[in-house]
Amino acid sequence: MTCLDIVHTTTYRYRQAVSLGPHKLMLRPRETRELRLFSHEMSITPTATLTWAHDVAGNAIATAVFDGPTDHLVIESRASVELTAPAWPVFAIAASAAQYPFVYAADEWTDLGALTVPQYGDVEGRLARWIEGFVMARPTDTLSLLKDISNGVFTQISYQSRDDEGTQSPIETLDRGWGSCRDFAVLLAEAARRLGLGARIVSGYLSDPETGLVGSAGSGTTHAWVEIFIPGAGWIAFDPTNRSVGSGNLIPLAVARNIAQVTPVAGTFIGTNVDLLSMEVLVRMESTSAQKNSLLAQRGGADIALV
């Protein structure tokens with residue numbers, strides 16, 4: 001069990017006062033059986049009116065609306081969570097899905113819908129050939145196959161942090177041989193979909209007390225990975241950037257079909273590109289005592305600000 005305090009700060013600075021459009025914020029950690037959210041609160045400068053909703057994937061979405069012009073914007077999210085996922089998980093995969101290829105049940109196939117559909121073109125079959133290189137036989141062990149593909153992303157693609165917006169297509173990542181965590185995630189998700197499996201992109205945080213993992217909060221950034229649906233086990237987390245399986249050190253903020261749908265902070269302003277001087281993201285994470293968080297959970301009420 002790990003208890004963490006997370007502070008995620010996004011700061012925009014403008015050359016002159018600009019009018020801000022509505023901003024979509026996906027900053028509230030997703031609660032799961034293996035992640036307990038003790039508290040979450042946000043502060044925004046300048047003052048904004050917040051409204052909350054859940055999107056089609058069950059993500060908590062806050063929309064911030066601003067009153068007047070400003071030359072800066074600071075959005076700070078503070079969360080306290082408890083992680084209980086094992087470091088070495090055992091997945092109860094259904095017998096019908098233990099060997100690939102398998103067929104989802106009719107209801108599963110219907111509900112997974114677009115999550116099983118490839119999102120990028122592969123006219124020359126470059127991606128298909130790359131994926132096929134991991135399929136040693138048919139049938140083959142499903143989990144081992146997915147681990148091999150995730151490990152293949154890790155070993156064949158060099159990690160390179162990238163601050164600019166956008167994501168490389170799977171073909172671009174393969175051809176260039178490098179990418180960021182979001183490029184790794186997109187490549188793995190597309191590979192799973194081309195095998196006929198349901199996959200979704202996840203954005204969030206990576207807890208790494210020893211600060212040896214790529215994309216951890218120790219580096220001051222958010223992280224991206226993939227969840228693949230396997231009957232019996234459900235959604236299994238794969239982090240190709242760090243060659244890991246399972247959600248033991250992952251704190252999800254949002255899940256979606258497309259990487260563009262899980263941007264933690266997204267919004268507009270009225271002005272030109274030169275008006276934006278800088279955009280900085282800083283994620284800090286500290287371990288806290290289980291006793292402290294257990295006390296907070298027991299006291300409840302006004303002591304826990306769940307928003």
Test result for W235, modelled with pLDDT of 95 or more, open to solvent by less than 70 Å² (accessible area, probe 1.4 Å), closer than 28 Å to W130 by Cβ and outside any helix (DSSP H, G or I): no
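Per-residue answers, yes or no, for (1) among the small types (G, A, S); (2) under 26 Å from I236 (Cβ atoms); (3) in contact with a His (Cβ under 8 Å, 6 or more places away or on another chain); (4) open to solvent by less than 60 Å² (accessible area, probe 1.4 Å):
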residue: V7; (1), (2), (3), (4): no, no, no, yes
residue: S19; (1), (2), (3), (4): yes, no, no, yes
residue: P29; (1), (2), (3), (4): no, yes, yes, yes
residue: R33; (1), (2), (3), (4): no, yes, no, no
residue: F38; (1), (2), (3), (4): no, yes, no, yes
residue: T49; (1), (2), (3), (4): no, no, no, no
residue: D55; (1), (2), (3), (4): no, yes, no, yes
residue: D71; (1), (2), (3), (4): no, no, no, no
residue: A92; (1), (2), (3), (4): yes, yes, no, no
Tally of residues being touching a Phe, Trp or Tyr at 6+ places or on another chain (Cβ under 9 Å), touching a residue at least 40 places away in the same chain (Cβ under 8 Å), within 17 Å of A260 (Cβ to Cβ) and of a type outside the set (S, T, N, Q) across region 148-186: 5
Number of positions in region 238-260 that are within 17 Å of V186 (Cβ to Cβ), open to solvent by 10 Å² or more (accessible area, probe 1.4 Å) and part of a strand (DSSP E or B): 2
Residue within region 15-24 that is of a type in the set (K, R), in a strand (DSSP E or B) and either over 20 Å from E280 (Cβ atoms) or at pLDDT below 95 (or both) present: no
Cβ pairs under 6 Å, 6+ apart, first in region 19-43 and touching a residue at least 60 places away in the same chain (Cβ under 8 Å) and within 18 Å of H54 (Cα to Cα), second of a type in the set (V, I, T) and surrounded by 18 or more Cβ atoms within 10 Å (Cβ to Cβ): L25/V265; P29/V81; P29/I251; L37/V81
Test: residue in region 141-158 that is assigned to a loop (DSSP other than H, G, I, E, B), under 21 Å from the mean Cα position of the chain (by Cα) and either at pLDDT 95 or above or of a type in the set (A, V, I, L, M, F, W, C) (or both): yes
Qualifying positions in region 220-232 - at pLDDT 95 or above, crowded, with 20+ Cβ neighbours inside 10 Å and part of a loop (DSSP other than H, G, I, E, B): none
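A quick yes/no check of all residues on (1) open to solvent by less than 40 Å² (accessible area, probe 1.4 Å); (2) among the basic types (K, R); (3) more than 19 Å from L213 (Cα to Cα):
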residue: Q99; (1), (2), (3): no, no, yes
residue: V103; (1), (2), (3): no, no, yes
residue: L115; (1), (2), (3): yes, no, yes
residue: S144; (1), (2), (3): no, no, yes
residue: S158; (1), (2), (3): no, no, no
residue: E172; (1), (2), (3): no, no, yes
residue: R182; (1), (2), (3): no, yes, no
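The values are calculated or read from the model by the stated rules, or taken from the named source; none is laboratory data. Bear in mind that the values here come from a model prediction, so they are computed numbers and not experimental data. Cβ coordinates were reconstructed from backbone atoms using ideal geometry, including for glycine residues, and neighbour counts include every protein chain displayed. With ligands, DNA and RNA removed, areas are computed over all heavy atoms of the protein, side chains included. Shrake-Rupley method; radii C 1.70, N 1.55, O 1.52, S 1.80 Å.
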